[in-house]
Each structure stands twice: as C-alpha cells, then as structure tokens.
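The block underneath contains the structure these notes are about, expressed in structure tokens.
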Amino acid sequence: MIYRIFIDGVDKTGKDILSDYITRLSKFKYEVKVRGVISHLVYNEIFDRNINYGTAEELFADYKNSLYIRLTCDKEDWIVRCKMTNEPLIHYKTHNEMFNKYWNEYKKSGNLNLEFNTSEKTPYQIANEVIEFLDNYNEANDGK
C-alpha cells in the first residue's frame, strides 16, 4: 500500500498548491511532501555543494513505497508565475535539464512515478488523477 507522496520540480511549477489539493481532496488519506531526493541531487550539482548522498540506487530505494510526482510547466507560464510572486528568474533551461537528468535516473529504479505539466492541467484535475491512481493502485495491490 502506498500512502506517501513526494512532489518535485523546478520552482513555481505548483508543488505546494498540488500538495494542499491532494491532502484536502483525499481527506488527509495521503502524506504529501514537497521536495524529495531529486531536488537534493539537482541543487547539489547546480550549486556545487559537494554533498555525498550515496548512490542513486541507495537513495531511490527509500522511495520504494511511495509515489513520486514530477511537475513541469511551460516556460512562458513559469515566467508569469515568477513575476506574480516576485521570484527571481533562475536559469529555467539549466534547472529543467537537471531535473530531467535525475528524473530519468529515478524512473529507472522502477519506483512508482507520475509526471504532470501544470500549464496543461489545474491542480484540482491533477490532484483528482493522483488520488484515483493511488486508490486504484492500492486496491489492486491490497495485501501484496
């Protein structure tokens, strides 16, 4: 059974609001965390932090009983979101490429994952899809 959800992605992709929607629409059925190991790996590399987190295999093993969600958004939408919230415009392409790199590594682990573009779907739509996906997954894997 999976009741833990991690949401990751570049700043301003909608992680916090999606977390709230999933939590409330599921009536607190799922534990939702914003930012997980992928963010640590991305920002460790982007900001040259030189922190040894261990191998990707070791790190991703901790997420075996979780659903990991990656959020993206279109660049034009991202710029508007940054301006609306007075966020500095980071180097969008670099950050996206880094998240792609580690997301692709994560997917190789075989752990449960979903990806959404928040420029194409509302947080409400995504939250309902996530809840339906996990409810169906848990029902199909009940007792396994």
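The values are calculated or read from the model by the stated rules, or taken from the named source; none is laboratory data. None of the values given here were measured: they were computed from a predicted structure. Using ideal geometry, Cβ is built from the backbone for each residue, glycine included, and neighbour counts are taken over all protein chains shown. Heads up: the accessible areas ignore ligands, DNA and RNA and are worked out on the full protein's heavy atoms, side chains in. Shrake-Rupley method; radii C 1.70, N 1.55, O 1.52, S 1.80 Å.
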Unique match (being free of Cβ contacts under 8 Å to residues at least 60 places away in the same chain and not charged (D, E, K, R)) among 65, 86: 86
From 132, 76, grab the single residue that is open to solvent by 70 Å² or more (accessible area, probe 1.4 Å), assigned to a helix (DSSP H, G or I), over 17 Å from residue 13 (Cβ atoms) and not aliphatic (A, V, I, L, M). 132
Inside region 35-63, the number of residues satisfying the requirement of being touching a Ser or Thr at 6+ places or on another chain (Cβ under 8 Å) and either surrounded by fewer than 18 Cβ atoms within 10 Å (Cβ to Cβ) or in a helix (DSSP H, G or I) (or both) is 5
Scan region 109-118 and tell me whether some residue there is closer than 16 Å to residue 68 by Cα, open to solvent by less than 70 Å² (accessible area, probe 1.4 Å), without any contact (Cβ under 8 Å) to a residue 40 or more places away in the chain and out of contact with any Asp or Glu (no Cβ under 8 Å at 6 or more places or on another chain). yes
Quick check, is residue 87 part of a helix (DSSP H, G or I) and among the acidic types (Asp, Glu)? no
